[in-house]
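Since every read-out is calculated from the coordinates, none of them should be taken as a lab result. Fair warning: this is a prediction, and the values are worked out from it, not measured in the lab. With ideal geometry, Cβ positions are generated from the backbone for all residues, glycine too; neighbour counts draw on all protein chains shown.
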Amino acid sequence: MAFKENLEAVKSGLNTEEQFIEKFIKGERFIKKYKFYILAILIILVLYFITTLIIQKVQESNIQTSNELYASLMQNSNDSTTIKLLKDKNINLYAIFLAQNLDSNLEELKTLTKNEKLNPLLKNILVLNFNENSIFLKDFSTILQAFKLLEENKIKEANILLNKIKPNSSLEQLSQNLKHYQGI
């Protein structure tokens, strides 16, 4: 009996090894058949990761350079070469720098708001500073107009404006405070 059991164990061991070798040969055939496609996919993936890494490093370098230029302009705001470099590197920081002296840079900022590269939110904030209507900051513009009316003691007109602010707006609480403050 022991001999028969040993024979069965050897047969099952050979079957397992045969199956392993068979799967290995099938895998090898698959790799030989599709080696160009597999190689192309691997090359594309490696190139994708390399270009992504390079682009990320360039963006980080540009951000760091822009921040350094802006910081140097905060120290010396009359340096024309640094101003030009900042305008070329990062138009958003350039617009923020110009907005610090809004009265003297009004025309330059108005031309910047027409630039496609300028951040839309920053563009809307600048447009609002020019006392023009802003699409995205409509409620904020309404609050500012109502506040000006309240300063002029035109409570009813301010009430009409403050009632235009929707209840789900983030500025609704401020609107309610202004109504309460003036006894509306």
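Here are a few things to note about the model shown:
- Rule-of-thumb Rg ratio for the chain [Cα; 2.2 N^0.38 Å; N residues]: 2.16
- Calculated on alpha-carbon atoms, Rg and Dmax of the range 88-176 in Å: 15.3, 48
- The relative contact order of the chain, computed from alpha carbon pairs under 8 Å that lie at least 6 residues apart in sequence, is 9 percent.
- Summarising the overall dimensions of the range 3-111 from its C-alpha atoms, the Rg and Dmax are 32.8, 104 angstrom.
- Net dipole in debye of the range 137-184 [+1 Lys, Arg Cβ; -1 Asp, Glu Cβ; about Cα centre; nearest 20]: 120
- Charged side chains reduced to their Cβ positions (Lys and Arg at +1, Asp and Glu at -1) give the chain a dipole of some 560 debye around its Cα centre.
- Order of 155, 143, 41 under a 10 Å beta carbon neighbour criterion, fewest first: 41, 155, 143
- Estimated dipole of the range 90-132 in Debye, rounded to 20 [Cβ of Lys and Arg +1, of Asp and Glu -1, Cα centre]: 160
- Residue-span extension gain [residue 44 to residue 155] - 0.36 nm each, minus C-alpha spacing: 33.3 nm
- Projecting the Cα positions of 105, 140, 20 onto the charge dipole of the chain (unit charges on Cβ atoms of Lys, Arg, Asp and Glu, taken about the Cα centre) puts 20 furthest along the positive direction.
- Loop sites here are trypsin sites (Lys or Arg not before Pro) outside DSSP states H, G, I, E and B with no more than 12 other Cβ atoms within 10 Å. The longest part of the chain free of them is 1-113.
- Entries in 89/114; 138/179; 110/156; 114/138; 123/179 that, when Cα-Cα distance is taken, lie over 24 Å: 110/156; 123/179
- Modelled spin labels at residue 4 and residue 104, positioned 7 Å past Cα toward Cβ, are 10.7 nm from each other.
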